[in-house]
Amino acid sequence: MKKLFRTLRSMRFGIVLLILIAACSVAGTVIPQGREAAWYVQNYPSVHGAILALRLNRVFESWYFIALLVLLCLNLSLCSLVRIRAVIRTVRGETERAAAMPDTVLLSPEGTEKLRCFLEDMRCSCEAVGEATVWRKHGFGHYGTFITHLSILLTVIFGALALYTPTVTDQSCMPGESIFMPDGTKIRVLDFRITDETGRLDYQSHVQVTLPDSRQSEVAELKVNHPFSFGPYKLFQQTFGTAGSVTVTNLENGGTDDFLLTEEAYLSADGVTGIHYEMLYPDFIRDPSGNVTLITVTEGSYPHPIYRFDVIAGGVFTPTLAEPGDELELTGLRFRFNSPVEYPGLRIKHVSSLCNALLIASFMLMIAGLTVTFFYEPVLVKTDADGYAVGGPKPERMRIELSEEFREYERTSKEEAT
Amino acid sequence: MKALFFAAFALYGVSVILEFAGTAFKKDRLLKAAWYVFLAAFLLHLGFIVTRGIIAGRLPLSNQFEFANAFAWGVALMLVVMRPRLKTDWLSVVAMPATLLVMTYAALQPMEIKDLMPALRSAWFGVHIGSAVVSYASFVIAGCIALRYLLSVKKGSADERALAQMDYISYRMVAFGFLFLTVVILSGAIWAEQAWSAFWTWDPKEVWALITWIIYAVYMHLRLRRKRKGTAMAWFLVIAVPVVFFTFAGVNTLMHGLHTYG
C-alpha cells in the first residue's frame, strides 16, 4: 500500500502521465476527430480497425484519456500535500542548518567585506547565528511550486466542470423574432447586421432577455468577442445566415403572406401550380450574351443576390432566376422577391458563472505560482570571516552570481575548502 | 515598406556570414562587425514592425507572416538584451542564424495587410499573441544556448564556469518562456470562452501548445527536482525546438482548425 502511495505521488509517475497525455494529444490532432465510423473505414482502410477499437477517433472523450487526467489530478493532489509538509519542515530549521554549512568558497578579508555589502545591497535580511551570519531573501519563494501544482489541479478540476457541465444550444433567429428556452426564458433578437458603418465585417445583433420570473435585461449589443450574460444564460454571436424573402399576394382577395426561406420550399395555392424555391445565391456574373454564372460563396453580405427556383405549371418544371424587386404571377398568385434578410446564429449557454470565475482564479494562481517559482527563488547565504556557502532549495543561481562577482577574491578552490 | 523588411533580412544574412567567418578565423574585428550589422538589422526590423503597425492600424501579429516576423524580431531582441548582460558572445553564433531562419520563413509568407477578422478584434489579441512571440523566442534562444553548450563540450573549448553559465542561462530562458507559454494558453482559454463560447476546444493549435507546455514542464521537473544538468538536458532543449516550430508553423500549415487565419 505504501509503495502504491509512493508511486502515485512520485514525480516519475507524474512525468509518465504527462508524456502519455501528450502522446494521446498528438494522436488526437493527427487523426481527424469525431467523424462517422464509415469515414475512417474509407480514409484509413488498413488501420481503421485499430483506430475505432482504441477510440482514436474520439481520443479526448475516451475512457483512457479521462483516466489519465484523473490520475494526474490524484498525482498532483498527493504530491502537493507531501510537498507542503516538506516545505514547512524545511523552512522551520533553515537558518540553523544554513549556519552549520561549511564554507564552500573561501574569500580574502576584502572579498568577505564586499560580499557583505553586496548582500546588503540585495536587500537580504540577516541573522547572526554564532560566528556565522545567515542572509535570506524571498522566503515565500519556497511555496512557489506548491502554489503552481495546486493551481494546475484546480485548473483541471474547474476546467473539466466548465467544459462538460454547461448546456449549450445553437439557435438561429430572424430579426424581430424570439427564442424560447425550455425554462420559459425568452430571448428576443431586435436586429442584426453583418457589417459596420464603414463596411467592415462585424456581426452584430441587439438582444433582450426575459427570465421566467419576468426580470428583463437591457437591450444589449451582441458581437463576436462580446458575449452577453443575463441570469444563468450567456449568449454568443456564433454564426449567421441569409434568408430569401418572398411576399406572396393572393390576387383574388388581396391577402398577402411573407415567407423567409432558409431551405428548399414549395409555394403554391392549389398544390399543382407554384414555385419550388431552391436557394438564394450571393452573387452572379452575366456575360454579354445574357448567360448567368451563379456564385455560391462570398464574404459578408450578398453583393448581388439572386433567387433560383423552378416554376411548376402543368407538370412542367422551368428553372428560373429572379433578382430582388422582380415579380412573377402564377394562377392567382403574385410572388414578389424581396431583398434577402440576414439573421444571427446564437449560441446560448446555461452556465455557472461561479465555476467560470473559479477557473479564471485558478489561472491567476498558476501565473502567480510560476512567477514565484522562477523569479523569486529563495536566497540563503551563510557568511563568516573566511568565506561563504549557498544553501536553500535552488542555490544554483546564487552560486553562479556570487562566483562571477567574487571570483577575483577567491582564496582557494571549492574542493580544497570542503 | 517591404524594403525595410528585406533590408533587415539582408543585414541579418550579412551578420551571420560575418559571425561565421569571425568564429572560423578567430578574428575579433569580424565578430565585432557582425554584431554591429546585426544591431542595424534589428533596428531596421523594428522600424518595419512599427511602420506596418501604423499602416494596419493595429498590432502587426495577425497572420503567419506577421507572427513569424515578430517571432524573428523576438529572437533578435533576446540576443540584443542578453549579450551585454552575459558579457560574452558565445550566444551570437547560434542565435543569429536562428533569427535568419525565422526571417526566411516569414519572407516566404504572403505579406499583404488584411483587416482583422471579427474574432481577432479583442483586448486579448496583444496579450495572447505577444506572449506567444516572447515564449517561442525564449525557447529558441534556450535551444541555441544548448546547442552552443553541446558544441563547446564536443570541442572542449569552454571551461567549467562557462559551461555552468550556459547550462544555467538556458534553464532560465526555458523558465521565462514557460511562464509566457502558460500566459499564452491561459489568456487563449479566456479569449476562446469569449469568442467561441468554450475555454478549450481541443483545436490542433491548442493541443500542440499544450504538448509544448508538457515537454518543457518535463524539462523543468528533470532540471529542478532531479537535478539533471549538462549534456542530457542540452540535448533535450535542442530536440524540443522543432516541436516549438511545429506548434508555430506546422500546425497552421498541415492541420485545419480554429486558428487557421492564413
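A few remarks follow.
- Listed conditions (1) farther than 22 Å from B:Thr212 by Cα; (2) more than 14 Å from chain A (Cβ to nearest Cβ); (3) surrounded by fewer than 21 Cβ atoms within 10 Å (Cβ to Cβ) are all met by B:Ala162, apart from (2).
- In the set (1) modelled with pLDDT under 90; (2) within 16 Å of the chain's Cα centre (by Cα); (3) not polar (S, T, N, Q), B:Met96 fails one condition alone, (1).
- Across the range A:113-158, the number of residues qualifying as surrounded by 19 or more Cβ atoms within 10 Å (Cβ to Cβ) and in a helix (DSSP H, G or I) comes to 18.
Here's the yes/no breakdown for (1) closer than 16 Å to A:Ala265 by Cβ; (2) in contact with a Phe, Trp or Tyr (Cβ under 8 Å, 6 or more places away or on another chain); (3) exposed (fewer than 14 other Cβ atoms within 10 Å of the Cβ):
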| position | (1), (2), (3) |
| --- | --- |
| A:Leu280 | yes, yes, no |
| A:Arg286 | no, no, yes |
| A:Asn291 | no, no, yes |
| A:Thr296 | no, yes, yes |
| A:Tyr307 | yes, yes, no |
| A:Val311 | yes, yes, no |
| A:Phe317 | yes, no, yes |
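- Against the criterion of being modelled with pLDDT of 95 or more and either under 27 Å from B:Thr247 (Cβ atoms) or surrounded by 21 or more Cβ atoms within 10 Å (Cβ to Cβ) (or both), B:Phe38 qualifies.
- Residues located in the range B:14-26, provided they are loosely packed, with under 14 Cβ neighbours inside 10 Å and among the charged types (D, E, K, R): B:Lys26
- Strands (runs of 3 or more DSSP E) wholly inside the range A:192-306 containing at least 3 residues that are away from chain B (no Cβ under 14 Å) and within 30 Å of the chain's Cα centre (by Cα): A:201-210
- Residues (part of a strand (DSSP E or B), within 13 Å of A:Tyr343 (Cβ to Cβ), touching a residue at least 12 places away in the same chain (Cβ under 8 Å) and of a type outside the set (D, E, K, R)) located in the range A:173-191: A:Ile179, A:Val189, A:Leu190
- The sole residue among B:Tyr216, B:Tyr149, B:Tyr136 that is more than 18 Å from the chain's Cα centre (by Cα), more than 8 Å from every other protein chain (Cβ to nearest Cβ) and among the aromatic types (Phe, Trp, Tyr) is B:Tyr149.
- Cβ separations smaller than 7 Å between residues 6+ apart or across chains give no pair from the range A:197-214 residues that are assigned by TED's automatic domain parsing to the domain that holds A:Tyr302 and under 13 Å from A:Thr239 (Cα atoms) to residues that are modelled with pLDDT of 85 or more and crowded, with 16+ Cβ neighbours inside 10 Å.
- Meets criteria (within 18 Å of A:Ile348 (Cα to Cα), without any contact (Cβ under 8 Å) to a residue 60 or more places away in the chain, assigned by TED's automatic domain parsing to the domain that holds A:Gly176 and of a type in the set (A, V, I, L, M)) for A:Val224: yes
- Counted residues, the range A:333-354 - those being within 22 Å of the chain's Cα centre (by Cα) and crowded, with 18+ Cβ neighbours inside 10 Å: 5
- Among the candidates A:Ile84, A:Ile66, A:Ile88, residue that is aliphatic (A, V, I, L, M) and within 29 Å of the chain's Cα centre (by Cα): A:Ile66
- Any hit, the range B:146-158, residues being surrounded by fewer than 22 Cβ atoms within 10 Å (Cβ to Cβ) and on the phi > 0 side of the Ramachandran plot: yes
- Residue within the range B:76-85 that is within 14 Å of another protein chain (Cβ to nearest Cβ) and either within 30 Å of A:Thr195 (Cα to Cα) or in contact with an Asp or Glu (Cβ under 9 Å, 6 or more places away or on another chain) (or both) present: no
- Of the residues making up the range B:178-213, not one is within 26 Å of A:Arg58 (Cβ to Cβ), buried (at least 23 other Cβ atoms within 10 Å of the Cβ), facing chain A (nearest Cβ under 7 Å) and among the polar types (S, T, N, Q).
- Breaking point among (1) away from chain B (no Cβ under 14 Å); (2) surrounded by 17 or more Cβ atoms within 10 Å (Cβ to Cβ); (3) under 20 Å from B:Trp208 (Cα atoms), for A:Leu68: (1)
- For the range A:89-106, a residue qualifies if it is in contact (Cβ under 8 Å) with a residue 12 or more places away in the chain and not hydrophobic (A, V, I, L, M, F, W, C), and the qualifying residues are A:Thr90, A:Glu94, A:Thr95, A:Glu96, A:Arg97, A:Pro102, A:Asp103, A:Thr104.
Here's the yes/no breakdown for (1) touching a residue at least 12 places away in the same chain (Cβ under 8 Å); (2) closer than 30 Å to A:Tyr233 by Cα; (3) touching a Leu at 6+ places or on another chain (Cβ under 7 Å):
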{"site": "B:Ala158", "(1), (2), (3)": "yes, no, no"}
{"site": "B:Arg172", "(1), (2), (3)": "no, no, no"}
{"site": "B:Gly188", "(1), (2), (3)": "yes, yes, no"}
{"site": "B:Gln194", "(1), (2), (3)": "yes, yes, no"}
{"site": "B:Ile211", "(1), (2), (3)": "yes, no, no"}
{"site": "B:Leu222", "(1), (2), (3)": "yes, no, no"}
{"site": "B:Val238", "(1), (2), (3)": "yes, no, yes"}
{"site": "B:Thr253", "(1), (2), (3)": "no, no, no"}
{"site": "B:His256", "(1), (2), (3)": "yes, no, no"}
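- Residues located in the range B:176-197, provided they are within 17 Å of the chain's Cα centre (by Cα) and among the aliphatic types (A, V, I, L, M): B:Leu179, B:Leu181, B:Val183, B:Val184, B:Ile185
- Per the conditions (1) closer than 16 Å to A:Val246 by Cα; (2) in contact with a helix residue (DSSP H, G or I) (Cβ under 7 Å, 6 or more places away or on another chain); (3) not acidic (Asp, Glu), the sole criterion not satisfied by A:Asn356 is (1).
- Residues within the range A:186-215 that are in contact with a Pro (Cβ under 7 Å, 6 or more places away or on another chain) and among the β-branched types (Val, Ile, Thr), tallied: 1
- Some residue of the range B:192-213 being more than 20 Å from A:Ala162 (Cβ to Cβ) and hydroxyl-bearing (Ser, Thr, Tyr): yes
- Residue within the range A:39-52 that is within 12 Å of chain B (Cβ to nearest Cβ), in a helix (DSSP H, G or I) and either surrounded by 15 or more Cβ atoms within 10 Å (Cβ to Cβ) or among the small types (Gly, Ala, Ser) (or both) present: no
- Of all residue pairs spaced 6 or more apart or on separate chains, those with beta-carbon atoms under 6 Å, a first member in the range A:133-145 that is more than 20 Å from A:Met11 (Cα to Cα) and a second member that is of a type in the set (S, T, N, Q) and surrounded by fewer than 19 Cβ atoms within 10 Å (Cβ to Cβ) are A:Val134/A:Thr95; A:Arg136/A:Ser125.
The values are calculated or read from the model by the stated rules, or taken from the named source; none is laboratory data. Every value quoted in this text rests on a predicted model; they were computed, and no experiment measured them. As a convention, Cβ positions derive from the backbone with ideal geometry for all residues, glycine included, and neighbour counts pool all protein chains shown.
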